[in-house]
Amino acid sequence: MSALVVAGLRKTFGALRVTDGIDLAVPEGERRGIIGPNGAGKTTFFNIISGWLPPDAGRVEVFGRDITRLPPAHIAHLGVRRSFQKSALFDALSVEENLRLAVQATDPSRFDAWGRIGRHRRVLEAARSLAERVGLADELGRRAGELSYGRKRQLEIALALAEKPRILLLDEPAAGASPYERRLLADLLRDLPRDITIMLVEHDLDLVFNLCDRISVLVRGSVLMTGTPEEVGASGEVQAAYLGTAHA
Amino acid sequence: MTAGSAEGRVPPVPASARSERLPVVAALAVALALLAALPFVASDYLVVLGTEILILALFAVSTNLLLGYMGYVSLGQAAYFGFGAYGLAALTLLWEWPTVPAMLVTLAGSAVFAIALGSLCLRTSGVRFLLITLAFSQMLYAVLVRTPQMGGDNGIVGIPRPELDAWGIDLWATVPFYYYVLVLFGLTLLILYRFIKSPFGSVIVAVRENEMRARALGYEVWANKLACLTVAGMAAALAGMLQAQNLSFASPELASWRVSAEVLLMVIIGGWRSFLGPAIGALVFIAIREGLSVVTEHYLLFFGLFFMAAVALFREGVSGGLDAVLAKVRRR
């Protein structure tokens, strides 16, 4: 069964067709890279899937369920979680509180308007073990805004990982990271459970080619081709598309 | 557009600093004990002032749920203050209800009022939120001025206090009324504290820090925001009822933008980064008013100067300044 099906997705900003008929199907458990030159509509595509932008036309299905035009919070509850290109953290709060809020978001305790936070032990423990998993256990008490850049990227991904997502949308997780930080992030992503379906938008082609099972190339708002890293790497069309914008 | 904009927001709060502070519940207990002792050591004049400080402190702490915790600056909190005063006035004086049921119904009415207003205002944020809350509170003010049954411009006198004669308590006397206000103050602050520190309330801080991320995680933030606004509105309405009883008078002035602005000043002077900071702001506000109004009627001018000094000297208000001093002392 496909985890994610996108059919005929269109989005126009004024005269600009940012998304021009995207069709995609991602099988459950696949790690799918989305690459393409700047302005190909990658982030817009993610924003539509995760509910932040309504499409002009087309449909998005998650495990057979139509999620087009559902609000972002609802989509998150269906197991579709995303990270942001520019870190979107709770800067003034501790790493632990950031993670706790991420875990609590799908826990029934989020409706508790009277009890103490400490009473919900499972949420706290899940937040701490998530910190352990992503290598932030020694930063629990630090304010998110004070973390180093690479650690912010780790926390950014960690927030999307809370409570077992089924589909993970990662928007340039390594953007702006140093080579060392990139390696840490790559390890983190590689070690994710195989049953999580991942869609990865990334400019670092090494990362995409090493991590992904298949890659879709997005050019001018539609899918130019989908194939294994070898197929995409060998494609003259893809090279032309990249070179084409390089000249523009 | 997707929120998280810094426009009109309050600077973020260090969580580490917050959690390291004295447990607020303990501080509140000590403060309440000291406040309970006040009538034994102070003159009637100071007890009357203390009563008003408690009422305004309750109003300021509730306003800070929006300003400090949620990061939304409302310039319309006087609408709830005035709603409380006039709700009580209308039920008791026009329809001759007994006082306590009238207070309970006014409180319930303020929740409905806050939910209705909040559903409209919370479609905006930043400066637009400030302006729309101002607009709605001015609408209420205009209605009150044009309601002759309620005394119109002149207001309405004779707001009753609860009858506790059966228990030998006369709330028209200064000290019993002070204790009555103190009990409601302590109870309400405890409820506000439990609410804002609960799992549900913690999402309100997440909204201030990054509303977009809170929604991406799966929070339907509108419910948390509306609940916060409603709880704050109900507490402000209670403060308004107490103020009307204190003055035994309700006038449209209670719902005016000036009252909204003054409570914001109290919050900022006292410190929006702590739960009890705004209460200190109310104390400072009344102290300056009383101290200076003997000398000059332009006390607000001096209050403004003090405000600037407080903001310049301690960026986190008086309570933040005290924290900084305490931290230095402890380090030695």
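Need one word for chain A: rounded, prolate or oblate. Basis is the Cα gyration tensor (sqrt eigenvalues a ≥ b ≥ c); a/c below 1.5 gives rounded, then a/b vs b/c decides. Because a/c hits 1.5 or more and a/b exceeds b/c, chain A counts as prolate. Taking every alpha-carbon pair under 8 Å whose residues sit at least 6 apart, segment A:91-164 reaches a relative contact order of 49 percent. When the alpha carbon gyration tensor of chain B is reduced to an equivalent ellipsoid, its three semi-axes come out at 30, 25, 19 angstrom, largest first. The GluC sites (Glu not before Pro) of segment B:259-317 that meet both conditions, a loop assignment by DSSP and at most 11 other Cβ atoms within 10 Å of the site Cβ, are B:GLU297.
The B:SER248 and A:LYS86 beta-carbon pair, evaluated with R₀ = 51 Å, returns a calculated FRET efficiency of approximately 0.35. Between A:GLU146 and B:LEU120, the distance separating the two model label sites (each 7 Å from Cα on the Cα→Cβ line) works out to 4.4 nm.
The share of C-alpha pairs in segment B:90-248 whose separation exceeds 27 Å stands at 37 percent.
Counting every other Cβ atom within 10 Å of each residue's Cβ, A:HIS77, A:HIS203, B:HIS298, A:HIS120 order from fewest to most as B:HIS298, A:HIS203, A:HIS77, A:HIS120. Along chain A, the longest continuous region that contains none of the trypsin sites (Lys or Arg not before Pro) in a DSSP loop with at most 15 other C-beta atoms within 10 Å is A:117-193. Across chain B, the mean sequence separation of Cα contacts (distance under 8 Å, 6 or more residues apart), normalised by length, yields a relative contact order of 30 percent.
For trypsin sites (Lys or Arg not before Pro), the sites in segment B:241-320 that DSSP calls loop and that have at most 13 other Cβ atoms within 10 Å are B:ARG315.
Here segment B:22-90 yields Rg over Rh of 1.06, to two decimals, using C-alpha coordinates and the Kirkwood radius.
With the biggest extent put first, the Cα atoms of segment A:155-248 measure 41, 28, 23 Å across the principal axes. The alpha-carbon of A:LYS42 sits under 25 angstrom from the alpha-carbons of these lysines, leaving out residues fewer than 8 places away in its chain: A:LYS11, A:LYS86, A:LYS152, A:LYS164. Amide H contacts of A:MET225 (H built 1.01 Å from N, in plane; Pro and chain starts excluded): A:VAL217 sit under 5 Å, all sequence-distant by 5 or more or on other chains. Where a ≥ b ≥ c are the square roots of the eigenvalues of the C-alpha gyration tensor, would you call segment B:36-160 rounded, which needs a/c under 1.5, or, failing that, prolate if a/b is larger than b/c, or oblate? It is oblate, given that a/c is not under 1.5 and a/b is not larger than b/c. Note on B:ASP153/B:ALA111: beta-carbon distance plugged into 1/(1 + (r/R0)^6) with R0 of 25 Å gives a FRET efficiency of 0.30. Shape descriptor for segment B:143-183: Rg over Rh equals 1.20 (Cα atoms; Rh from the Kirkwood inverse mean 1/r). In the protein assembly as shown, inverting the average of 1/r over every pair of distinct C-alpha atoms gives 26.4 Å as the Kirkwood radius. Calculated translational diffusion coefficient of segment A:63-156 (10 °C, 1.306 mPa s; Stokes-Einstein with Kirkwood radius over alpha-carbon pairs) equals 109 µm²/s.
In chain A, Cα pairs under 8 Å separated by at least six residues give a relative contact order of 27 percent. Of all the options A:ALA144, A:ALA234, A:ALA158, the one that moves most in a Gaussian network model of chain A with Cα springs shorter than 10 angstrom is A:ALA234.
No lab work stands behind these numbers, since they all come straight from the coordinates. The model shown is predicted, which means the values in this text are computed figures rather than measured ones. Every residue, glycine as well, gets a Cβ built from its backbone with ideal geometry; the counts of neighbours run over all protein chains shown.
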